[in-house]
Amino acid sequence: MPGSRGWSAAGAGSSLLVQAPTQWRGTSVQVCGLWPFSTGTGTPMIGVPIGRSLISGATLCADPISWFQDANLISNPSVFVLGRPGLGKSSLLRRMALGLAGFGVAPLVLGDLKPDYVDLVQALGGQVIRLGRGRGFLNVLDPGEARAAAERLTGKARSEVLADALARRHTMIATLITLARASVPSDREEMILDRALRVLDDRHDGIPVLSDLVGVIAEAPGELRDVAMDRGDRVRYDDITEPLLVSLRGLLGQGRLGEIFSQQSTTPMRRDVPVVFDVSAIDDGETALQGAALMACWSTGFGAVNIANALADAGLEPRRHYFVVLDELWRALRSGRGIVDRVDVLTRLNRQRGVGVVMCSHTMSDLQALASEEDRQKARGFVERSGMVALAGLPAAEMPMLTAVVPLSDAEQQLLASWQDPPAWTTTGAGATPPGRGNFLVKVGGRPGIPIHVGLTSSERALHDTNRLWHEHSRVQAAAEFDQPARTERPDRTSVLETGAQLQAGSALSTARPWRAAQSRAGEREADSER
């Protein structure tokens, strides 16, 4: 009988390497009919196909909505993605959004900070709403489609839609004042705002803007004077409302929040197509404006979701589900006061709102870097309450904080640490791929994680390029001397290597040359002055 490697006699064909058997994949009906020794995939096949298992090669289908609504595998339709930069987190989020769009779920990107999702939403035939200084406006007093929906509804449903629109506008204005002042409005100012909005709705024809609200408060109608408790003294009323009017006028283009919220919305939001709010034009240094824009986007987006649910409950429109994307969450949480509370409410009410939520950040340290301990506790709850967690490469120093909220075995921790290693050295100039790019460990509660690799299709690669600004080399070269103009042409590789060798051989001389040139010019100027 032959051994494990065949017959070892001369000419008998002993093999030094045992070839792995060929694997074939197919449906259970086809494979069982062709080959009786088939085996199951071992991973769920319900939802968006996001990648292949690194162990079995089987396809893993997973998304928070399908696993919650159809498979009942998770108790909350949400997913939190963690991983170091450059390992494919945004690609995973876009894969889920693209797949769910094919299932009839509309992606809502309520604040694209990079932007990473504009091309995807455009390819899906969706709506891109651009905001920024000189780029676009968002009217926080616009009730959206609430009035049109209220005309189609009756009874309690109609009053609830109108009440939600009023509360949403009130909350948004109070939030803008908080971000502009760095302090919350007083109770009296809150009451004045609420009554002023009601008076404005009764008097104004069409869609009002902030300047109309300022005019109502400055006019001092009787309803507002009663709420302000001015005791019949107009001078007292003016003193009471002066801080509020100063804050509101600062939102008309005279404060640090600019004029973004001072005019009619440039692009009204639709609720029947995918939508992305592009806020990438707002500089990262303008944290208050960035936070205000994000809060306005979330308010507008969830206002549209509430209207869609109300019309569906009344049988006037088909039921719609939405997939809300909160990428770069760490930047949003640090934008200003109120952002953490807003996300906290969102993660608790997403089941009632009929939306799936995906949140993405780099590490647990990002969530621990918030100013107050209360905010840090709430941020940790975002990960704890997520129905599923997808983990990319993470440093070993993150494991104690991560395992406090996500159970991980020693083998899983070592796997995540190995995925965050840098790419191998290369001299070809093409660059090597990091070993962990596209690899994720999908965790649900205390179950063993499923390691997968997300491979992009040719259609996705054009939409998933976050390094497009680095495809072309800089065309501006530094001048070698102070008095030489900069060269615009790019030197060839040979001249660069020769220059590097010269600098390495005579670094001291090369370093001294600019100083010598400067000293020479200084001497010439001194001689000229003496002459």
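The values are calculated or read from the model by the stated rules, or taken from the named source; none is laboratory data. Keep in mind the model is a prediction, meaning the values are calculated, not measured. Here the Cβ positions follow ideal geometry from the backbone for every residue, glycine too, while neighbour counts run over all protein chains shown. The protein model used for the area step is the full one, side chains on, heavy atoms only, and it has no ligands, DNA or RNA in it. Shrake-Rupley method; radii C 1.70, N 1.55, O 1.52, S 1.80 Å.
So the values come out like this:
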{"item": "Long-range amide H partners of GLY51 with built H, under 5 Å", "result": "LEU60"}
{"item": "Protection-proxy order for peptides 221-231, 111-121, each taking the mean of Cβ atoms within 10 Å per residue, highest first", "result": "111-121, 221-231"}
{"item": "Added length on full extension, which subtracts the Cα-Cα distance from 0.36 nm per residue, ASP205 to ASP272", "result": "21.5 nm"}
{"item": "Computed lengthening from ASP410 to ARG380, 0.36 nm per intervening residue step minus Cα-Cα distance", "result": "8.6 nm"}
{"item": "Convex hull volume per residue in cubic angstrom - Cα atoms of segment 61-156", "result": "188 Å³"}
{"item": "Percent accessible area from carbon and sulfur atoms, segment 248-327, protein chains only, probe 1.4 Å", "result": "46 percent"}
{"item": "Alpha-carbon centroid distance for the pair segment 257-300 / segment 178-208, whole angstrom", "result": "20 Å"}
{"item": "Separation of the MET1 and ARG152 label points, Cα + 7 Å toward Cβ, nm", "result": "7.5 nm"}
{"item": "Amide H within-cut-off set for HIS321, under 5 Å, with H built and near neighbours excluded", "result": "ALA106"}
{"item": "Mean Cβ neighbour count within 10 Å, used as a protection proxy, ranking 136-142, 456-462 highest first", "result": "136-142, 456-462"}
{"item": "Nonlocal amide H pairs with THR267, under 5 Å, H built at 1.01 Å", "result": "PHE137"}
{"item": "Solvent exposure of segment 123-177 as accessible area per residue, Å², 1.4 Å probe", "result": "43 Å²"}
{"item": "Sites HIS170 and SER365, calculated FRET efficiency, Cβ-Cβ separation with R0 41 Å, nearest 0.05", "result": "0.70"}
{"item": "Linear extension gain, ALA462 paired with GLN19, 0.36 nm per residue minus alpha-carbon span", "result": "155.8 nm"}
{"item": "Computed label-point distance, nm, for sites ARG133 and ASP284 using a 7 Å Cα→Cβ extension", "result": "1.8 nm"}
